[in-house]
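Worksheet: the structure to be examined is printed underneath.
Bear in mind these aren't lab numbers, they're just calculated from the coordinates by the rules spelled out. Values in this document were obtained by computation on a predicted structure and should not be read as measured data. Every residue, glycine among them, receives a Cβ derived from its backbone with ideal geometry; neighbour counts consider all protein chains shown.
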Amino acid sequence: MDVHVKGWVRTKRGNKHVNFIALNDGSTINNIQVVADPNTIPENVLKLVTTGASLAVTGQLVESQGSGQAVEIHAKTIEVLGAADPEKYPLQPKKHSFEFLREIAHLRPRTNTFSAILRMRHAMSFAVHQFFNNKGFNYMHTPIITGSDAEGAGEMFRVTTLDAKNPPLKEDGSVDFSEDFFGKETNLTVSGQLEGELGALALGEIYTFGPTFRAENSNTTRHLAEFWMIEPEMAFYDLEDNMNLAEEFLKYLVQYALDHCADDLAFLEKRLLDEEKNKPANERSAMSLTDKLRFVVENKFERVSYTEAIDILRNSNPNKKKKFQYPIEGWGTDLQSEHERYLVEKHFQKPVILSDYPKEIKAFYMRMNDDNKTVAAMDILFPGIGEIVGGSQREERLDILSARMTEMGIPHEEMDWYLDTRRFGTVPHSGFGLGFERLMIFVTGMGNIRDVIPFPRTPGNAEF
Ligand code: 4AD
Ligand code: MG
């Protein structure tokens, strides 16, 4: 039987009697082996069959004599659709460092590792929609350009049509944004939550899934300036319902990866094992990638309050010689990722849901607890990552919300639309945000968030 395949050459090996071409069309991590006999395929064609070249092959599909593949194609014709000069093509059939590949982000989807990651990004996105669709949630599109600061952290990219060098000024010397295209100061959204709440208080259960932006200048392996976030928002949910949904959701996504991405996971797992071999024995992870994924699916997440966690951290000695890099000052301090990871990886050895944080370190919209000191917040902490989900029950009581906004200096006039949900038909409601790239780090076993998004946006990095 003759078959036709098109794809890109990964490698070519052989001798003057026979050539073996590993061809990949991007649909899977697996290559198809094309056997090219120099008596059938002209030498001038074979010369152009180099790593990265694109080919159209016609041939016979036969059982393979060699090990490593069940079938192979014995080529009758090969057409080189696009050559890739080996002197100039940056990707060669050898291991390239991730740092180098980040510099050629336009070509890195053609590597095995990045094609596996991109296919898994697709699978995980699909699973997100499937999970919520099965539950009857509505996918809601929230704006990218907004006039509010959902997190109140001031980490926003300004969007303006004004001339930055010569903006119109008010009498007091400040920029007059009323002359802008939008007639007011606008920015790229940091979260779709506040608009999501408007949806939940009309449709019951909604979720958003879109790009969000943070102008924080943090150069870490866990932060991007542009990342994708999934934010479900549910009317009539309290904090516990919220935690239950978040735990079920994360388990569903990880199980989906195990069920639907077996080939790509096996490849990424092997990559990780090779990487581990180069580390000193005491730094190697005892768990393989699939072990880690199963560990999340099979364990009930540990639920602890912030106050209990602070006690655990204060009484711990993470490393006999050295304490935490950031010492725990006491109740009220925000946790650093080293603390979060200690709780998950060393103390509980399971994913952890931390709840009821001090109000001072959380956003204005979180529901005040009866102690008047803590809010109904929850963060989910994962091994190797720290915070993967952040959420809360929302403050549905107009008077308390309004007082909290005054305390935090949030102008009521600008948030009147938000306060209307509390003025008219308010109900208890909750929601959370899952950082999609943090999830991708977890399911792929990659060490750097820049390597799980096709075109990372980090300080000093916006080439395309
Ligand atoms: O904890 P955050 O800031 O929470 C919110 O934005 C809420 N409005 C969510 C909600 O309740 N609807 O962000 C939520 C999650 C974090 O847990 C983390 O996974 C991810 O978004 N995240 C980032 N991911 C990559 N780069 C960054 N700079 C991130 N900042 C937050
Ligand atoms: Mg958070």
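Comparing Gly14, Val34, Gln60 along the charge dipole axis of the stretch 2-93, the residue lying farthest to the positive side is Gly14, per the Cβ-charge model. If you add up the charges near Arg214, with Lys and Arg at +1 and Asp and Glu at -1, over every other residue whose beta carbon is less than 14 angstrom from its beta carbon, what do you get? Neighbourhood net charge equals -3.
The residues packed around Ala225, meaning those with a beta-carbon under 14 Å from its beta-carbon, carry a net charge of 0 if Lys and Arg are +1 and Asp and Glu are -1. Taking θ as phi - 60° and the Karplus parameters 6.51, -1.76 and 1.60, the scalar couplings of the stretch 358-365 work out to x, 4, 5, 9, 10, 6, 5, 8 Hz in sequence order, x denoting glycine and proline. For the chain, the mean projected area of the C-alpha convex hull, equal to one quarter of the hull surface, is 28.4 nm². Distance between the modelled labels on Glu407 and Asn30, one decimal in nanometres: 6.0 nm (7 Å Cα→Cβ projection). The trypsin sites (Lys or Arg not before Pro) of the stretch 205-312 that DSSP puts in a loop, and whose beta carbon has at most 10 other beta carbons within 10 Å, are Lys300. Each Lys and Arg adds +1 at its Cβ and each Asp and Glu adds -1 at its Cβ; summed about the Cα centre, the stretch 94-167 shows a dipole of about 600 debye.
Taken along the Cα-to-beta-carbon direction at a fixed 7 Å, the label points for Glu463 and His141 span 3.1 nm.
Approximating the spin labels as points 7 Å out from Cα along Cα→Cβ, the Thr220-to-Asp291 distance works out to 2.6 nm.
Under the 0.36 nm per residue contour assumption, what length would be gained going from the current alpha-carbon distance of Trp417 and Ala164 to full extension?
Value of the extension gain: 88.1 nm.
Both radii come from the Cα set of the stretch 252-324: Rg as radius of gyration, Rh as Kirkwood radius; their ratio Rg/Rh reads 1.10. Scalar couplings 3J(HN,Hα) for the stretch 154-170, obtained by applying the Karplus form with A = 6.51, B = -1.76, C = 1.60 to θ = phi - 60°, are x, 9, 10, 8, 6, 10, 8, 9, 6, 6, 4, 7, 9, x, x, 10, 7 Hz; x denotes Gly and Pro.
If I take every Cα pair under 8 Å that is 6 or more residues apart in the stretch 351-428, average their sequence separation and divide by the length, what percent do I get for the relative contact order? Contact order relative to length: 25 percent.
Helix-only arithmetic for the chain: the sum of -39500 (n - 2.57) across DSSP H runs with n ≥ 4, divided by the residue total, places the mean residue ellipticity at 222 nm at -9000 deg cm²/dmol. Under the criterion of Cα pairs below 8 Å and six or more residues apart, the relative contact order for the chain equals 13 percent.
Relative to its residue count, the stretch 2-93 spans a Cα convex hull of 98 Å³ per residue.
With N as its number of residues, the stretch 125-263 has a Cα radius of gyration that, divided by 2.2 N^0.38 Å, comes to 1.31.
Rounded to the nearest whole Hz, the Karplus-based 3J(HN,Hα) values (6.51 cos²θ - 1.76 cosθ + 1.60, θ = phi - 60°) of the stretch 72-89 follow the sequence 8, 10, 8, 5, 9, 9, 10, 10, 7, 6, x, 6, 9, 3, x, 6, 10, 5, with x at glycine and proline. For Gln130 and Glu171, the FRET efficiency from 1/(1 + (r/R0)^6), where r spans their Cβ atoms and R0 equals 51 Å, is about 0.40. Shown is the FRET efficiency for Asn44 and Glu275, computed with R0 = 45 Å from the Cβ-Cβ distance and rounded to the nearest 0.05: 0.65. Within the chain, the longest run free of GluC sites (Glu not before Pro) that sit in a DSSP loop with at most 12 other Cβ atoms within 10 Å is 172-328. When you filter the trypsin sites (Lys or Arg not before Pro) in the stretch 2-32 for DSSP loop state and at most 13 other Cβ atoms inside 10 Å of their Cβ, you are left with Lys16.
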